[in-house]
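Below: one structure in structure tokens.
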Amino acid sequence: MHIDAVRRFNRFYTRRIGVLRAGLLGSPYRLAEARLLYELAQGGQATASALGRDLGLDLGYLSRLLQGLKRRGLVRARRAAHDGRQSFLTLTAKGRQAFAVLDSRSRDATGAMLAPLPEHDRERLVGAMRTVEGLLSNKRNNKRGEIVLREHRPGDLGWVVQRHGALYAAEYGWDASFEALVAQIVADYAARDDHRGEAVWIAELGGEPAGCVFCVRKTDTTAQLRLLLVEPRARGLGMGGRLVAECVSFARGAGYREVVLWTNDVLHAARRIYQRAGFQLVSSQPHHAFGHDLVEQDWRLPLA
């Protein structure tokens with residue numbers, strides 16, 4: 001079923017963007033030739049072996065493509081000064097002009113495809129494309145430096161509620177009362193006029209939200225860490241630790257003397273993050289919540 005769905009989408013999209021036609025975007029160039037012009041226009045110069053590796057092209061096929069572009073005066077090769085066995089490929093003036101025409105037509109065609117869609121549907125489309133790109137290009141293996149923490153923007157608070165409800169239901173079987181609790185916490189935060197000493201961070205991975213944490217005022221001297229969440233695709237990258245560290249750093253800078261948090265013992269990964277950050281367990285007791293018998297815990301981190 002999944003294989004058939006992917007193949008169906010491939011057939012739809014290749015027809016939709018016109019790559020099945022003899023010339024791409026009304027040009028005399030095939031898709032592979034146009035892609036080579038694009039790559040050389042972006043990088044300035046490249047070797048054939050690097051192009052083949054980056055594009056996943058057989059070197060024999062790539063050689064034939066490049067020879068055709070050279071014959072048309074679009075690409076030239078020059079020997080590398082440090083190694084006479086290697087040649088650097090660059091676009092000629094004619095090649096740069098050909099690329100400029102292709103690039104302009106591509107932008108126009110993409111704009112025409114998006115034009116009928118309202119703004120929110122464009123956002124959905126681009127978001128879906130980012131998801132496909134991330135899943136199929138191993139972006140789940142992103143390095144820690146590629147995680148971006150930012151302040152929340154309009155729409156993020158709704159995402160926090162939705163993802164908490166969906167993830168905790170899927171992973172722990174918690175019922176709708178947990179989502180209701182998260183919604184109340186978020187609503188209380190959003191309704192407050194004074195957010196001095198409070199902050200919300202959204203962690204992005206590959207340009208998409210993948211985690212969050214809240215730092216809210218409990219008393220004048222105590223901050224509370226709330227609603228730490230890391231999406232499954234972003235786990236193991238240090239995102240949770242970075243979110244907690246950002247919250248603690250903010251609380252310290254805001255003049256709080258301690259940070260506290262409330263959690264449940266089944267959230268093992270989160271508890272390990274809190275322990276590594278220096279939080280200490282101060283109380284623990286059984287309770288029934290979210291449709292399950294759980295053990296609630298209070299944790300504390302002194303800042304003074």
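The values are calculated or read from the model by the stated rules, or taken from the named source; none is laboratory data. Worth saying up front: this structure is predicted, and the values here are computed from it rather than measured. Note that we place each Cβ from the backbone using ideal geometry, even for glycine, and neighbour counts take in every protein chain shown. These accessible areas exclude ligands, DNA and RNA; they are computed on the full protein's heavy atoms, side chains included. Shrake-Rupley method; radii C 1.70, N 1.55, O 1.52, S 1.80 Å.
Which residue out of LEU89, LEU102 is in a strand (DSSP E or B), more than 30 Å from GLU204 (Cα to Cα), of a type outside the set (Ser, Thr, Tyr) and touching a residue at least 40 places away in the same chain (Cβ under 8 Å)?
LEU89
Continuing with this model, one more query. Check ALA203, ALA190, ALA223, ALA183 and return the single one that is buried (at least 19 other Cβ atoms within 10 Å of the Cβ), under 26 Å from the mean Cα position of the chain (by Cα) and in contact (Cβ under 8 Å) with a residue 12 or more places away in the chain.
Of ALA203, ALA190, ALA223, ALA183, the one residue that is buried (at least 19 other Cβ atoms within 10 Å of the Cβ), under 26 Å from the mean Cα position of the chain (by Cα) and in contact (Cβ under 8 Å) with a residue 12 or more places away in the chain is ALA203.
Among the residues of the range 114-147, count how many are under 24 Å from the mean Cα position of the chain (by Cα), over 30 Å from ARG242 (Cα atoms) and either surrounded by 10 or more Cβ atoms within 10 Å (Cβ to Cβ) or modelled with pLDDT of 90 or more (or both).
Of the residues in that region, 4 qualify.
Moving on. Looking at the structure I just gave you, is ALA22 in a helix (DSSP H, G or I) and either of a type in the set (Gly, Ala, Ser) or modelled with pLDDT under 85 (or both)?
It is false that ALA22 is in a helix (DSSP H, G or I) and either of a type in the set (Gly, Ala, Ser) or modelled with pLDDT under 85 (or both).
Taking only pairs six or more apart or across chains, which ones have beta-carbon atoms under 8 Å, a first residue in the range 252-271 that is at pLDDT below 95 and among the aliphatic types (A, V, I, L, M), and a second residue that is open to solvent by less than 60 Å² (accessible area, probe 1.4 Å) and assigned to a loop (DSSP other than H, G, I, E, B)?
ALA254/GLY197
Hey, another quick one. Got a sec? Which of ARG53, ARG78 is in contact with a strand residue (DSSP E or B) (Cβ under 6 Å, 6 or more places away or on another chain) and open to solvent by 60 Å² or more (accessible area, probe 1.4 Å)?
Of the residues listed, the single one that is in contact with a strand residue (DSSP E or B) (Cβ under 6 Å, 6 or more places away or on another chain) and open to solvent by 60 Å² or more (accessible area, probe 1.4 Å) is ARG78.
Filter the range 243-301 for residues that are open to solvent by less than 30 Å² (accessible area, probe 1.4 Å) and either of a type in the set (S, T, N, Q) or in a strand (DSSP E or B) (or both) and give the result.
VAL259, VAL260, LEU261, THR263, ASN264, ALA289, LEU294, GLN297, TRP299, LEU301
While we're here: For the structure I just gave you, tell me whether ALA109 is small (Gly, Ala, Ser), over 19 Å from the mean Cα position of the chain (by Cα), surrounded by fewer than 11 Cβ atoms within 10 Å (Cβ to Cβ) and modelled with pLDDT of 90 or more.
Against the criterion (small (Gly, Ala, Ser), over 19 Å from the mean Cα position of the chain (by Cα), surrounded by fewer than 11 Cβ atoms within 10 Å (Cβ to Cβ) and modelled with pLDDT of 90 or more), ALA109 does not qualify.
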